[in-house]
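Just so it is clear, none of the values below were taken in a lab; they were calculated from the coordinates. Just so it is clear, the structure is predicted and the values come from calculations on it, not from any experiment. For neighbour counting, all protein chains shown are included, and Cβ atoms are generated from backbone atoms with ideal geometry for every residue, glycine included.
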Amino acid sequence: MHLPRFKYQSAASLEETVALLKEYPDATLMAGGTELLPRLKYRLYSPGLVISLKAMPVSPPSVTPGEDLALDPLMSLTAISRSGIIRERAPILSEAALGVGSREIRNMGTLGGNLCQETRCLYYNQGHRFQFVEPCYKRGGDICYFITGGKKCWAVFMADTAPPLISLGARIRIMGETPREIPVEELYTNKAEKPLAMGPGEVLSRILVPKAPHNRGAAFFKLSPRGGLEFATLSVAAVLETEDNGSTCSRARLTVGAVSSAPVRARAAESILTGEDLSEELFAHAADLAASEIQAVPHHGYSRPYLKECVRVWTDRALRSAAGSLKKGNP
C-alpha cells in the first residue's frame, strides 16, 4: 500500500514548526509517524505538506522551579517507560507508555503523538474504495455505518497516555500565535470528527505533571485482547490522595479511556470517595457508580453491556491497586 503524494519538510525548532503551519494551512505534523503513516496509506487523510519533527532536539525530563515534572512531547514512549524520574514521580504514565503497541512502535512513537491521536472506528480505519457507497460523518458525509441511524460520529479516542495524565492533573503548554497552558483534560473536545481543541497553527511544547503529595496512590489498567499489541478495549487511571491519617480520602480522580470520543472522568464516583475512609466496600460502590454514569460507546465488537461491566470491574481493581500503592508509600 503506497503513500499519497505530499510535500515534505523538516523543522528544527518549535518556532519554525509554527511558522510552517501558519504558511501551509493543509500541513500536518509527523513525529514518530506510527499513527499518521497508516492513515495516509488508507487515504484517510491527504495533507499538502508533512512537517517532520525528527530533527528537533528532545529535552530530558526536568523539574521546574514550581516542582512540576516537565516532559518534552517528542520523548519516545520507550523513553517515557524507562525514565527513572518519571517512574518515581508518575509511575502510572510509565506503565501506560509501556502498554502502547509493540517495542518497535514505542521506539518510534512519541508522548505528544499519542496524546494527539485521531479517534478510531472499526469502519473508518480501513480502505474505502469498495466498502461504502456514501462517506460517513468522519469523511465529511452524514451517515454512520457503525451505529445504524446514528446522528453523529461515534469514533472512539483510544490513546493510552491520556487517562493517566488527566488523573494526575497534568497540564500542557501549546505554542502558536497566542501561547497558552491548559489542563490535559481540556485538550479533548469529545467531538469525534475533531477530537483536539487545537488550532491549525498550534503545537504541543511541554507537558507538566504536578508534584505528588507524599500521601498519594495511583494505578493504571489497560484491558485489550493481546496486551499492548492492541488498542485498548478500555483503560482506567485512578489516583487517590489522603489526609495525614492515611485513610481518609482528600481527593480522587478517576479517568476512563476508550469508551467515548474523549477520555471520561467518573466525577460522581470521585465525589463519593472524597471525604470518606477508604475501604473495599467504598471502592465497590464507586465502581458501580462509575459503570452507571459512564455511557460507553460500543466499539470494535464490544457491546455496551460488556463495556459497562468492564468499567465496573476495572475501576474497582484500579482503586484497590491505588490504595495498595498508597500503603506502600509509592507516589
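Rounded, prolate or oblate: which fits the chain when a ≥ b ≥ c are the square roots of the eigenvalues of the alpha-carbon gyration tensor, with rounded for a/c under 1.5 and prolate only if a/b beats b/c? Provide the component values of the computation, followed by the final result.
Details: a/c = 2.08, a/b = 1.29, b/c = 1.61.
Taking the square roots of the gyration eigenvalues as a ≥ b ≥ c, the chain is oblate.
Centre-to-centre, using Cα atoms only, the range 222-257 and the range 138-176 are separated by 19 Å. Seen against the Cα atoms of the chain and their longest principal axis, helix 304-327 is set at about 60 degrees. In this Cβ point-charge picture (+1 for Lys and Arg, -1 for Asp and Glu), the chain has a dipole of about 1000 debye about its Cα centre.
Taking a ≥ b ≥ c as the square roots of the Cα gyration tensor eigenvalues, the range 216-326 comes out prolate, since a/c reaches at least 1.5 and a/b is larger than b/c.
So, by mean Cβ neighbours within 10 angstrom, what's the order for 158-167, 104-113, 143-152, 240-249 with the highest one leading? Please list the in-between numbers first.
Numbers: 158-167: 28.5, 104-113: 21.2, 143-152: 13.6, 240-249: 16.0.
Most protected by this proxy first, the peptides run 158-167, 104-113, 240-249, 143-152.
Under 24 Å of direct C-alpha separation, and excluding same-chain neighbours fewer than eight residues apart, LYS151 reaches these lysines: LYS138, LYS191, LYS194, LYS308.
If you filter the range 49-104 for trypsin sites (Lys or Arg not before Pro), then keep DSSP loop positions with at most 15 other Cβ within 10 Å, what is left?
Values: sites: LYS54, ARG82, ARG87, ARG89, ARG103; in loops: LYS54.
Taking the range 49-104 and a limit of 15 other Cβ atoms within 10 Å, the loop trypsin sites (Lys or Arg not before Pro) found are LYS54.
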